[in-house]
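In what follows, a structure is listed as structure tokens, so that the remarks can point back to it.
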Amino acid sequence: MLVHWHRSDLRAPDNEGLRRAAERADGVVPLFVFDEEVLSYGSPPRVAFMLDALRSLRSWYRERGGDLYLAAGDPSAVLPDLCERLGAEGVVWNRGYSGLARERDEAVRAALDDAGIDHRDHGDALHHEPGSITTNEGEHYSVFTYFWRKWRDREKADPHDPPPAGALEDAGPGEFDAVPDLAALGFDAPEATVEPGGREAGRERLESFCAGDIYDYEDRRDYPADGCTSRLSAHLKWGTVGVREVYAATEEAMAASDGDSDRESVEEFRSQLAWREFYAHVLRFNPEFVAENFDEYERPIEWREDDEELRAWKAGETGYPIVDAGMRQLRAEAYVHNRVRMIVASFLTKDLLLDWREGYAHFRRHLADHDAASDAGGWQWAASTGTDAQPYFRIFNPMRQGEEYDPEAAYIREHVPELAGVDPETIHSWHELDPAARTEAAPEYPAPIVDHGERRERALATFERARGEGEGASGDG
């Protein structure tokens, strides 16, 4: 008998570690541990999604005569004890790549070694493991374009079948008769309405997207009102769908495509899957990536501290409609459209000149799909401190971004009710209106808290000082 330790792989089909365990042993006990240290980094939206996924996973096992054993505590203590009580010969799990995951795994390995219990970990969350795509010098890539060329051309494994029902052991419910609720784990109810976290919901999203919107992805993915994105990020983060089955679905979409435009759109979606793996590789070899600038300047960046401006940004009360819509979507849905994530991040780090780590921490608390590698990568891109970073002199103009990517202001009006009855032209010219015009159009919506033009010049000067320069190049996105 072997124990399969579930972590961020909350599914049975297309699960590498579970498949390997079922091939090696006559029986497999699936286990999930409510890890006290990991939960200390949690947030209500993420934990709510995780608990929903666990309920779905447990139902899958029970329908096939098995069960998901639930325990709580430090895995380095729980796993040896459980193996001893069950008479299990070893533990199998799918590896993680963050510093926290690797430290936890090292502690578990040491405890199992001390107890004389076999252990094996497998790569499951990525198509290509960190260290497998490198420069000619054997280093990990810090420029996505070169990584993408190799990632795109590497063969991808097919999805794995789930273990047969006869391989699944029912070791009972463990410490919980049912998957606990948020309160039992010490969390308040989330402010947001969190999307369903089960495998069924993830598969439905994948199949629906690959049957339709994937063919418009390249042209429409940047328009938040269109809904032309997969919304698979939380499912990939928690592993309710596997990376191999996602890629297989894109192959089916490619085979059913009609012309070059469709195929290019499918390929564009695949490049986003590669971005996810690119940042995972970066984090694996740079665990400080979540807390320190990847690309250091000659001098420290003079980040400002302004509690009121930070509060307004978090609350979606900056007076810049597309920024406020994004921040309110975050609080309402525990999700933000990717283009809007870039806009709000640029506003925080360039218009407000507040440290990107403030934004990263806020998103970590409110996103259901928070992934340390991808989120740190995105925030550092916007802050011009990361890999493949946005050049410091390219600063998003929030009004122009809103006008270009939400021309009818449909997304803005959905998430900013004060502007629901205001025409798009007025919304997109909000920064130019005089106080009387603003009061007449939307009396409860604030005026811009900063002047973008002035703050842009201030940001340029700040980054030029950090670079040790005087006058520098400029431009405005």
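Before moving on, here are some points about what is shown:
- Condition met for Gly421 (more than 21 Å from the chain's Cα centre (by Cα) and not in a helix (DSSP H, G or I)): yes
- Per this entry, Ser59 is not counted among residues that are surrounded by fewer than 21 Cβ atoms within 10 Å (Cβ to Cβ), touching a Lys or Arg at 6+ places or on another chain (Cβ under 9 Å) and in a helix (DSSP H, G or I).
- Taken over segment 288-320, the criterion of being crowded, with 18+ Cβ neighbours inside 10 Å and either assigned to a helix (DSSP H, G or I) or modelled with pLDDT under 95 (or both) is satisfied by Phe289, Val290, Glu309, Leu310, Ala312, Trp313, Lys314.
- Some residue of segment 171-189 being exposed (fewer than 15 other Cβ atoms within 10 Å of the Cβ), touching a Lys or Arg at 6+ places or on another chain (Cβ under 9 Å) and within 21 Å of Arg331 (Cβ to Cβ): no
- Within segment 3-26, considering residues that are over 18 Å from Ser76 (Cβ atoms) and of a type in the set (Lys, Arg), the one surrounded by the fewest Cβ atoms within 10 Å (Cβ to Cβ): Arg24
- The residues in segment 322-361 that are assigned to a loop (DSSP other than H, G, I, E, B) and either surrounded by fewer than 24 Cβ atoms within 10 Å (Cβ to Cβ) or touching a residue at least 40 places away in the same chain (Cβ under 8 Å) (or both) can be counted, and the count is 6.
- Apart from one condition, Ala88 fits all of (1) over 30 Å from Glu268 (Cβ atoms); (2) surrounded by fewer than 15 Cβ atoms within 10 Å (Cβ to Cβ); the exception is (2).
- Any hit, segment 365-384, residues being more than 17 Å from Val282 (Cβ to Cβ), at pLDDT 95 or above and assigned to a helix (DSSP H, G or I): yes
- Annotation note: of Val108, Val33, Val29, the sole residue that is crowded, with 16+ Cβ neighbours inside 10 Å, of a type outside the set (D, E, K, R) and in contact with an Asp or Glu (Cβ under 8 Å, 6 or more places away or on another chain) is Val29.
- The listed residues are Ala253, Ala234, Ala248, and the only one of them that is assigned to a helix (DSSP H, G or I), more than 25 Å from Gly402 (Cα to Cα), within 20 Å of the chain's Cα centre (by Cα) and not assigned by TED's automatic domain parsing to the domain that holds Trp60 turns out to be Ala234.
- Filtered residues of segment 210-229 (kept if more than 20 Å from Asp260 (Cβ to Cβ) and in contact with a Ser or Thr (Cβ under 9 Å, 6 or more places away or on another chain)): none
The values are calculated or read from the model by the stated rules, or taken from the named source; none is laboratory data. These numbers were taken from a predicted model, which means no experiment stands behind them. Note that we place each Cβ from the backbone using ideal geometry, even for glycine, and neighbour counts take in every protein chain shown.
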